[in-house]
Amino acid sequence: MLCSPVFQPSLSIPFAFNMPVRSLWPENRPIFIQMENESLRQMEELKRRVEFIDQVHQVLLKEVMNTDSATELSDSKSPSYKLEKDGNCFCLMLDTKDFLPEELTVKQVGRKLLVSGKHEKKDEARNGSYSYKYQEFRQELELPEDVKPDAVTCSFSNGQLQIEVPSLALPAVTERTVPINTSPAMKTQQERSAEEQE
């Protein structure tokens, strides 16, 4: 087969290295650099957006926490109470003026009293809007040792929940003189150590 000398490989090495190589396609290096720059720009934009979303999230979280803590402080605080103790009775009075008697519960577990209350109120206005109020509290109290835990009584009057527990009757104290024994069986520490050394 006859070949044109143009397509035959050159046998001289210097000629092969000096010949420039030409591509039929356009040069691709600028395209890849442009794609890399565009990817970096998009990554930076995405990073800025994520930081912005995080800042918005933090602001919303603070708003929600402030709202929740404000409602907790105003609506779910435990009622004030007064504790009285005289010789015959242990008395606890809780200010529960915002609650009805049927909204209060008192449970006893051993020497612990669990007092709780739950109040819901919905007021509707003429224009169709309404307000909703929810209050709840839980209080745990320990009964003293010198009361009868089986005799707990509760009463409700004028917005006050009163819990009473009678005190235990203490036995009468009698007076007596305790004799002092002076038998030789009792030895001091020095006498015992002297006997052991002998």
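The values are calculated or read from the model by the stated rules, or taken from the named source; none is laboratory data. Values in this document were obtained by computation on a predicted structure and should not be read as measured data. Note: ideal-geometry Cβ built from the backbone for every residue, glycine included; neighbour counts use all protein chains shown. Note: areas computed on protein heavy atoms with side chains; ligands, DNA, RNA excluded. Shrake-Rupley method; radii C 1.70, N 1.55, O 1.52, S 1.80 Å.
Points worth noting:
- Residue in region 45-55 that is modelled with pLDDT under 75, open to solvent by 60 Å² or more (accessible area, probe 1.4 Å) and over 17 Å from the mean Cα position of the chain (by Cα) present: no
- Residues satisfying the criterion are absent from region 16-24 (criterion: closer than 30 Å to Ser131 by Cα and either at pLDDT 90 or above or in a helix (DSSP H, G or I) (or both)).
- In region 56-82, residue modelled with the highest pLDDT [restricted to those that are among the charged types (D, E, K, R) and under 30 Å from Glu164 (Cα atoms)]: Lys82
- Restricting Lys118, Lys85, Lys133, Lys107 to those that are more than 29 Å from the chain's Cα centre (by Cα) and open to solvent by 70 Å² or more (accessible area, probe 1.4 Å) reduces the list to Lys85.
- Hits in region 136-153 - residues which are exposed (fewer than 13 other Cβ atoms within 10 Å of the Cβ) and in contact with an Asp or Glu (Cβ under 8 Å, 6 or more places away or on another chain): Thr153
- Just one of the listed residues (Val165, Val178, Val173) is of a type in the set (A, V, I, L, M, F, W, C), outside any helix (DSSP H, G or I) and at pLDDT 85 or above, and it is Val165.
- Subset of region 88-104 (residues that are open to solvent by less than 60 Å² (accessible area, probe 1.4 Å), without any contact (Cβ under 8 Å) to a residue 60 or more places away in the chain and of a type in the set (A, V, I, L, M)): Leu104
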